[in-house]
Structures are given as structure tokens and as C-alpha cells.
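**Q** Structure incoming, see below.
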Amino acid sequence: VSDTAARLAELEARGLRRRLAPPVGRDLSSNDYLGLAHHPEVRRALIAALEQGVPHGGTGSRLLTGEHPAWRALEERFARWQGAEASLFHATGFAANSGLLPALVQPGDRVLSDALNHASLIDGIRLCRGARVEILPHLDLPAVASALAAPWSGTTWLVTESVFSMDGDQADLPTLAALVRQHHARWIVDEAHATGLYGPTGAGCIEESDVRDAVFASVHTAGKALGGAGAFVVGSRDLIDWLVQRSRPFVFSTAPAPFLAHGLDAALTLIQSDPERRRRPRQLADRLRVAIAGRLDPGASSSHILPVLVGSVDRALHLQQHLAGRGWEARAIRPPTVPEDTCRVRLVLHADLDEAEIDRLAADLLAWAAP
Ligand SMILES: Cc1ncc(COP(=O)(O)O)c(C=O)c1O
């Protein structure tokens with residue numbers, strides 16, 4: 001048996017071997033929070049762009065032949081929405097985070113990172129050669145305060161998500177903003193799960209908390225509420241110009257196909273013009289949290305992401321199967337995505353679900369909890 005086969009068998013034995021499976025059932029799992037991945041207006045915009053001859057191939061890095069006015073226009077629009085000077089689109093959020101951090105952090109700097117930050121932030125931090133890295137307990141404000149207060153001769157970077165992807169809980173942005181101002185730290189905020197849902201115009205939690213001035217760089221994925229793929233890094237004009245020089249996934253990757261910019265532009269218009277759609281996922285999650293209170297454990301979730309924490313891999317897979325049998329598409333989340341013994345079924349409430357479905361879902365969940 002080859003080494004790889006043996007390692008696969010070991011994963012299998014622990015219930016941790018993943019298989020690729022297309023979704024089946026009513027969607028409680030995808031990150032298409034606002035239902036824009038299938039929206040007809042986005043489709044129309046994409047088709048119109050193709051028919052007008054906007055390229056469907058990137059042709060080269062944006063530093064070479066891949067530069068196209070559609071991306072520039074979209075980046076400028078996105079930056080205005082975020083109340084920032086500029087933005088730069090990357091082909092994925094993973095590319096954005098793994099390019100941003102090593103482009104900015106220098107040897108002798110210090111990086112403070114929340115323990116539950118996404119793998120793309122972790123990998124970005126791993127690429128920061130010569131920096132000191134401190135992993136802080138999840139959402140522990142006293143730990144952030146004391147780490148920031150410790151003297152450090154280089155630059156200190158604080159890295160956090162605003163809404164956490166697997167727990168659906170939220171960083172206290174106003175308090176973190178006060179701390180980074182007080183200690184002159186540079187703050188990187190990943191708004192992957194907040195963009196399109198939070199804030200008066202849907203720009204995200206930075207907008208909702210009115211802390212843009214304290215943020216050095218924010219990252220906004222387009223594969224979630226925007227219903228497409230890719231990610232905007234947002235910040236000052238100098239920051240963005242620096243990333244054009246030094247974000248390796250940006251520099252050394254083929255540009256995303258220009259016609260896709262027209263789809264994201266249409267998605268932005270839909271998001272900005274429809275506050276009701278933006279509010280729905282969180283309203284529905286509140287309804288579900290109330291319905292299962294005291295019977296199932298949603299952790300500290302306060303957003304449209306509602307994990308049902310069940311502990312073991314077996315229990316998480318069992319709940320996934322129970323829900324599948326009742327027509328729901330929901331996925332067990334297991335290590336290494338989440339720590340050992342915190343397995344869960346991650347429920348995502350989408351704008352196109354209705355109240356009756358939430359009540360039926362609550363009944364199905366409670367039937368599992370007390371069969
Ligand atoms: C917090 C966070 N940042 C970044 C990413 C990566 O984004 P993408 O899927 O566009 O690569 C994800 C999820 O995929 C995420 O949850």
C-alpha cells in the first residue's frame with residue numbers, strides 16, 4: 001500500500017475522509033447568502049458582456065495583457081462603497097489573504113491572529129518570514145489588549161475576521177478599533193461573511209461599526225453574498241499600489257476573465273438596492289435560534305451562520321444524514337476545519353428561505369435532539 005493510500009485509509013477510519021458530492025436538497029449550506037449565484041439579472045449582465053465581446057479569458061497577469069477596464073471600474077466602485085480610496089480584485093479570497101499578509105509584514109514585525117481565523121489568513125501569516133506570530137484565544141479582548149500593550153520595536157499587525165465562518169460569532173470591532181488606535185497597530189479585517197449583509201448599505205461590519213478609519217486593509221470575498229467568486233482587498237491607494245507590486249497571487253496569476261466583472265457589478269447593484277434581501281438571512285437565523293434555544297447548542301452564533309454544535313464526528317455525520325433524509329442540504333464540519341470535539345453541522349440561513357421552512361427545520365432539528 002502506498003503511503004498516500006495508507007494515509008487515506010487512516011482518514012477513512014477516523015470518519016475524516018471527504019468525498020466530493022454535489023448538493024442535494026434545500027440549501028442550508030452554501031455561502032450564496034443572498035441567492036445571487038442564480039439571479040437572472042446577474043446572468044443577463046454576464047450574457048450581455050459576452051455578447052458585447054468582453055473577453056471570457058484572462059490572457060495573462062493583470063500586470064501584462066490581463067488588465068481590462070471592467071476590473072478597474074469595478075474596483076473603483078467597490079472602494080467607494082467601502083468608504084476607502086482603492087481596492088484590488090484577486091481571483092479568490094484565499095489568494096487575497098495569502099498574498100496580502102506576506103506583501104505587508106516585514107521581518108521583525110509581529111502578527112497577532114485570532115485562533116479561529118480562516119485557513120487563508122493562517123497560510124498568509126505562515127508566509128511572513130522573520131515575523132513573530134502570536135495566536136490569540138478566539139475573541140478574547142483582554143488577550144488582544146495585553147498583547148498590543150507588550151512593547152515591540154517593529155510594526156504590530158492585528159488580524160481578525162468580522163463574522164467567523166464556522167461559528168457565526170462576531171468580533172467586537174469598535175473595541176478592537178479603539179485598541180489598534182491606542183497602540184498604533186495595523187489592522188486587517190476579513191469581511192468574507194459580512195459583506196453584503198451588515199451595515200446601512202450592506203458594505204459589512206466595518207461600515208456597521210463605522211471603524212473604516214482604523215482599518216489598514218479589509219478583505220471582501222465575492223464568492224459568498226455577492227454570488228460569484230474572487231475577493232477585493234480594500235484600503236489606501238498606496239496599499240493597493242503596493243499589492244500590485246507585491247501580492248504574489250495577483251502578480252503571478254492569470255487575470256480573472258473580464259466578463260465576470262460585469263456579473264459582480266450587477267450583483268453589487270442588487271445588494272445596494274435591496275435592504276430587505278440583506279436583512280433576511282439574519283432575521284431567519286434569529287427565528288431559528290429562538291426555536292431551538294435550550295435544546296441544541298448554536299454556540300455564540302449571532303449571525304446568519306448558525307452552527308449546531310454536537311461534539312463528535314459521528315454525531316455530526318448522523319445529524320447531517322438526519323437532515324438529508326428530510327430534504328435539507330446541510331454539511332457536517334469536522335477537523336481540521338474545526339478543532340477536535342467541536343464538530344458541528346453548519347447551518348446557513350439564506351435570503352430565499354421563508355418562515356414556514358425555518359419552523360419545519362426547527363422541528364426536524366428538535367426531532368433529532370429528542371427522538
Ligand atoms: C473568512 C474567510 N476568508 C477567506 C475565505 C476564502 O475565500 P474564497 O472562497 O474566495 O477563496 C473564506 C472562505 O472560503 C473565508 O471563510
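The values are calculated or read from the model by the stated rules, or taken from the named source; none is laboratory data. Small disclaimer: the values here were computed from a predicted structure and weren't measured. Backbone-built Cβ (ideal geometry, glycine too); neighbour counts: all protein chains shown. Heads up: the accessible areas ignore ligands, DNA and RNA and are worked out on the full protein's heavy atoms, side chains in. Shrake-Rupley method; radii C 1.70, N 1.55, O 1.52, S 1.80 Å.
**Q** For residues in the stretch 36-65 being open to solvent by less than 30 Å² (accessible area, probe 1.4 Å) and assigned to a helix (DSSP H, G or I), which is nearest to Leu226 (Cα to Cα)?
**A** This residue is Leu36.
**Q** Give the stretch 94-122 a look and list any residue that's open to solvent by less than 30 Å² (accessible area, probe 1.4 Å), under 17 Å from Arg248 (Cβ atoms) and away from the ligand (no atom under 14 Å from the Cβ), or say none.
**A** Ala103, Leu104, Val105
**Q** Regarding the stretch 70-84, can at least one residue be identified that is over 30 Å from Arg280 (Cα atoms) and in contact (Cβ under 8 Å) with a residue 24 or more places away in the chain?
**A** Looking for residues that are over 30 Å from Arg280 (Cα atoms) and in contact (Cβ under 8 Å) with a residue 24 or more places away in the chain, one finds at least one in the stretch 70-84, hence yes.
**Q** For the stretch 277-301, give me the residue count where each residue is within 20 Å of the chain's Cα centre (by Cα), under 22 Å from Ala332 (Cβ atoms) and not in a loop (DSSP other than H, G, I, E, B).
**A** The qualifying residues number 3.
**Q** Quick one: in the stretch 6-23, of everything that is out of contact with any Ser or Thr (no Cβ under 8 Å at 6 or more places or on another chain) and touching a residue at least 24 places away in the same chain (Cβ under 8 Å), which residue is surrounded by the fewest Cβ atoms within 10 Å (Cβ to Cβ)?
**A** Arg14
**Q** For the stretch 230-251, state whether one or more residues are more than 26 Å from Pro174 (Cα to Cα), over 21 Å from the mean Cα position of the chain (by Cα), among the aliphatic types (A, V, I, L, M) and at pLDDT 95 or above.
**A** The answer is yes; a qualifying residue exists.
**Q** If only one of Leu148, Leu136, Leu141, Leu127 is touching a Pro at 6+ places or on another chain (Cβ under 6 Å) and free of Cβ contacts under 8 Å to residues at least 40 places away in the same chain, which one is it?
**A** Among Leu148, Leu136, Leu141, Leu127, only Leu127 is touching a Pro at 6+ places or on another chain (Cβ under 6 Å) and free of Cβ contacts under 8 Å to residues at least 40 places away in the same chain.
**Q** Here's something else I'd like to know. Just wondering, is there one or more residues in the stretch 214-225 that are more than 16 Å from the ligand (Cβ to nearest atom) and either outside any strand (DSSP E or B) or crowded, with 19+ Cβ neighbours inside 10 Å (or both)?
**A** yes
**Q** Restrict the check to the stretch 67-83 and report whether at least one residue is buried (at least 20 other Cβ atoms within 10 Å of the Cβ) and farther than 26 Å from Val244 by Cα.
**A** no
**Q** Listed residues Ser165, Ser209; which is in contact with a His (Cβ under 7 Å, 6 or more places away or on another chain), of a type in the set (S, T, N, Q) and surrounded by 19 or more Cβ atoms within 10 Å (Cβ to Cβ)?
**A** Answer to the check: Ser165.
**Q** List the number of the failed condition for Gly196; all other conditions in (1) open to solvent by less than 10 Å² (accessible area, probe 1.4 Å); (2) not in a loop (DSSP other than H, G, I, E, B) hold.
**A** Going through the list (1) open to solvent by less than 10 Å² (accessible area, probe 1.4 Å); (2) not in a loop (DSSP other than H, G, I, E, B), Gly196 breaks only (2).
**Q** Here is a list: Arg287, Arg315, Arg326, Arg346. Which entry is more than 20 Å from Leu36 (Cα to Cα), in contact with a Cys (Cβ under 8 Å, 6 or more places away or on another chain) and of a type in the set (D, E, K, R)?
**A** Matching residue, one of Arg287, Arg315, Arg326, Arg346: Arg315.
**Q** Check Thr195, Thr201 and return the single one that is within 14 Å of the ligand (Cβ to nearest atom) and hydroxyl-bearing (Ser, Thr, Tyr).
**A** None of the other options fit; the residue is Thr195.
**Q** Consider the stretch 177-192. How many of its residues are within 16 Å of the ligand (Cβ to nearest atom) and outside any loop (DSSP other than H, G, I, E, B)?
**A** 4
**Q** Next question. Would you mind finding the one in Ile125, Ile135 that is over 14 Å from the mean Cα position of the chain (by Cα), buried (at least 19 other Cβ atoms within 10 Å of the Cβ) and more than 11 Å from the ligand (Cβ to nearest atom)?
**A** So the residue among Ile125, Ile135 that is over 14 Å from the mean Cα position of the chain (by Cα), buried (at least 19 other Cβ atoms within 10 Å of the Cβ) and more than 11 Å from the ligand (Cβ to nearest atom) is Ile125.
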